[in-house]
Amino acid sequence: MVAVNGSVIPFVSRRHAGLGGCEQLLLVTLLIVCALSERLLVELSDYSLGWEHAKYVRSGLFDVRIVCVEPSAFGLWSDHIVVMVAESDAEHVKKNLLSLDRIERVEEDRPVSTRRLQSRPQKSFSRPPSDAEFYNVTALHKQGYRGQNVRVAIFDTGISAGYQPFFNHPVQLTDWTHDESPYDSVGHGTFIAGLVAGKVRGCPGLAPDAEILTFRVFTGSQTSYTSWFLDAFNYAMQTGVDIISLSIGGPDHFDQPFTDKVNEVTAAGIIFVSAIGNDGLFGSVNNPADMMDVVGIGGLERNTNIASFSSRGMTTSELRLPIPSYGRVKPDIVTIARELRGPGLGFRRCISLSGTSVATPIVTGSIALLLSAIPEERRRTVVSPAAVKRALIRGSKRILDSSIYEQGAGFLDVQASLDEMLAIDAEYMNNERYEMQLQLLPFYLDFTAEDCPYMWPFCKQPFYATMQPVSVNVTILNPNSALSEVREVLWVPSHGEDVLLMHYTLPPRFWPWAGGLGLHISVKPESDGFKGKVSGLLNITVRSIPSGLVSRASLPVRLEVRSPPAREKRILWDISHNLAYPPGFIPKDNLDSKDPLDWLGDHPHTNFHGFHDALVQNGYFVEIWDKPFTCFTTVTIEEYSTLLIIDPEDDFSSAESEELESAVREGHVVAVIVAEWYNLKRIDDLAFEEGNTRAFWKAVGGGANVPAINKILKPFGIAFGDRTYSGFLPIGGQRVPYKSGTSITKFPEDGFVLVGNDFRQVDLAPESGIPVFGMSKAGNEGGLIVFGDSTCLDTETPGVRCYDFFIKAIGTLTRAVVDHNDINLADLGETGMMARVDANLKSARHVQFPGGDLFEIPVELKRLMEPHLAENRKRKSCEAVRETPLANSELFVDQNDIVFPRIAPALLPAQQLAALSSGMGIISFIKTFGAILVLAFCALAISLLQKKRNRDTQSITANRSFSLRLAKAFRNLTQSLLGRNRVWSEP
């Protein structure tokens, strides 16, 4: 217990809650015995006291010699437990546990060392205005909106001792780590709590009357486990929290126990706010901010430009799904993240921090102000997490010269968002059956050049017949229900512009508040002569379950159509052999990187976006290929001049190798293949034991899958080797970096190679004459360009780029293939990019070069790789998409009625839709109706119990346990309706 201003405030520890002194001593002994054991996270089907779960789990492990059950919140209600066993017994224990009726899932209790605090200390201590002043929240305070009666949970490093005088309300302290202290030794949690509700002179919080609950989920060394978060989330639901603020994130997209619990928390009505990360790259949005129901916060400079460190979208978790897809828009909104002022440790002075970590409490405090504008007695009825997110994105203001994947809906405007919230409340007071409109993000799709760079990358090039479908992911927010189903999606083209093929993928139902609509847009083959802009409306109808409310929204679409470009300007970029991350320990391409884990993946719109844009700017038309090469028979491969295969990690089948050879030799295609390092000793040397969690990490491959690359190059007499080189290539008068790349060990006699001088292997003397770039015609047919390192194409790695060099090389070889001429090296030299080309480019008279060839992956490494390769293959299909053609309206919309907002987007009025389809079979109807009745009963029971919620966090009543059991039943029933995979593209 902690005394604050004469009041006794409970300090809750996950281990000691509800335990006596003898029991605590026993637990400490158990922890010492089990400290080095394998940790298994066991999820059960119901909520119960931790001791009851432990007893049940132990009953199923009678034949295991030594097993420890960690006191995971033993005195609190929970739906999981942590079992620690000897590593040699882990698989046997998993099998035993899964045989028990109440066990849903058993996974490793992941050490979340990759889940990081997202802030950066500032050396500059300039004194900008306080953040409360910057957002003019004093105007809201004068209106009486100060965060009163709003409970905010800060998941962080705790709070500094001596915090009491600096908050208007007592702060409840909880600790979920093994440190047994709620106090902050890092300073991060103290800063975050102060920004939300502190009253430190010079750096006051935005919502001074909000009630703060600190959840210490990181130790002083910034260590954490998934199970700690799960315990803390459960406690937050039991104590009536309104908002959870997480200024943390990491590549944990597929930590399913964690992400499932986040969904459960938001389904319970708690607003979840999280930082998107400080990686500063496209495709680097951290989890949980990348989740649809979480408000993901990006960062701005003080001048409201996008902060250089702020992570960018798209989300990448969708790229691994069975249905070929595209990532969603993230962040949701952005706000100032540079040099924010807040309290330091001990609250003795104000300090400055930067990062999306410290932008997050700005939004958290703003949401507290918005909630305080709604009377508490009807707040949970009127306001859902989706309603708050809707108000935030509708109130935000667009930032000029930034992509939607950098800014989301735009810059936070607290007053405008408050106006949205008050309008919702006013409508509800006039009509308790008030139905809020759906909210779509993006607000519209304008893929014409007029809306660049906001709609980058789609606005970069026009559409045309025979092109690959362009996929885009639209988030649908339904503020009316935590469970919804899409009843109709209808495409209404403009008069005289019915030239598009619109297909979609989406789940039949989505949970909790948001779902993803995958749109796949192409041009009808018969419209290959059409030129001009086309537009229309995508009308969406969603029904809330169990209320039956029907909500609608319209998505304006506009794009430019032209005739198909010349073959030599069309490029196909293969992404089907790039693994989606993080499937395991895939090492980075650059071995000099401090962090060896590569979790960002590869995509032409993320880490290779610079090369993609350079190709487009030079008149090329780039299309994405997301299927196996065996699907080349479904398209006319001869329509493309070039196939790009950059940094592949996946394997190539024998059939794919044959198809690629056919495409080059018979289809006259130029294949551009860029590799990376691959050395078995280096792979073994990368294994490490993480210092805080003691977890052992072993790499499952190299920078690229060179043995697989050599398989597809073998028919052409080309191979890469097993040596790893670093150095610089003199190209165009610049030193282009070559970092941790491989070398060419075999090349045709009639080809040309570019060699590197003064190239180094680790701990070896420099070498010269190392072939790293090769260009060759395949007889009189197609051609190949190979390169041993992707560093100069990858925007993740700083340094001089080689875009122009590659573009000239592609143009040179393509002209030679199309014109049936020899390669003209003068074409390369004319650009000035190959200043030393005559010295470095020579005829490869000797076919064999130094370095061992790689054609086989060792059995042990293949065993480690196989689960990740198998996961990647699940999404491969020769179907363009597992899609549904969009129904076309028999009516047309007038083009002048379609509005594309520019600076401050607003939700467009819903259009009149066709009648809802009613072709439901009788059996399906009975099942669905029965499920709705059960869901309605659960929702009613939970609602009644919430109205009687006891604010005293020192006791958890029987009513609370019953409510949690109902919530769990509600979640389980929902999952049974949706299936285990609740992502947007569920078939």
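The values are calculated or read from the model by the stated rules, or taken from the named source; none is laboratory data. Here the structure is a predicted model, which is why all the values come from computation and not from measurement. Don't worry about glycine lacking a Cβ; one is built from the backbone with ideal geometry, like all the others, and counts go over all protein chains shown. Keep in mind that these areas ignore ligands, DNA and RNA; they rest on the heavy atoms of the full protein, side chains included. Shrake-Rupley method; radii C 1.70, N 1.55, O 1.52, S 1.80 Å.
Worth a mention:
- Distance from the Cα centroid of segment 332-401 to that of segment 547-563 is 30 Å (rounded to whole angstrom).
- Label positions at R562 and R348, each projected 7 Å from the Cα along the C-beta direction, are separated by 6.5 nm.
- Structure note, pairs K330/K533; K594/K746; K389/K588; K95/K261; K95/K588; K588/K627: Cα-Cα distances above 30 angstrom occur for K594/K746; K389/K588; K95/K588.
- For segment 268-322, size of Cβ-based charge dipole, Lys and Arg +1, Asp and Glu -1, in debye: 80
- Using the Cβ-Cβ distance between R760 and L400 with R0 set to 45 Å, the FRET efficiency from 1/(1 + (r/R0)^6) comes to roughly 0.50.
- Residue-count net charge about G158 - beta-carbon cut-off 11 Å; Lys, Arg +1, Asp, Glu -1: -3
- Accessible surface for segment 438-485, divided over its residues, is 18 Å² per residue with a 1.4 Å probe.
- Cβ-derived FRET efficiency at R0 60 Å, A826 paired with K95, nearest 0.05: 0.35
- Note on segment 257-354: Rg/Rh from C-alpha atoms, Kirkwood Rh, equals 1.06.
- Remark: segment 416-534 carries a charge dipole of roughly 480 debye about the Cα centre, counting +1 on each Lys and Arg Cβ and -1 on each Asp and Glu Cβ.
- In nm, spacing of pseudo-spin labels at C878 and T466 (7 Å Cα→C-beta vector): 2.1
- Radius 14 Å from Cβ of V171, net charge of other residues (Lys, Arg +1; Asp, Glu -1): -2
- Stretchable slack from Q143 to L680, in nm (0.36 nm times residue separation minus alpha-carbon distance): 186.7 nm
- Summed side-chain charge close to Y183 - residues other than Y183 whose Cβ falls under 14 Å, Lys, Arg +1, Asp, Glu -1: -4
- Peptides 715-725, 774-784, 749-759 ranked from most to least packed, by the mean per-residue count of other Cβ atoms within 10 Å: 715-725, 774-784, 749-759.
- When you count the other C-beta atoms within 10 angstrom of each residue and take the mean per peptide, 618-631, 280-293 line up highest first as 280-293, 618-631.
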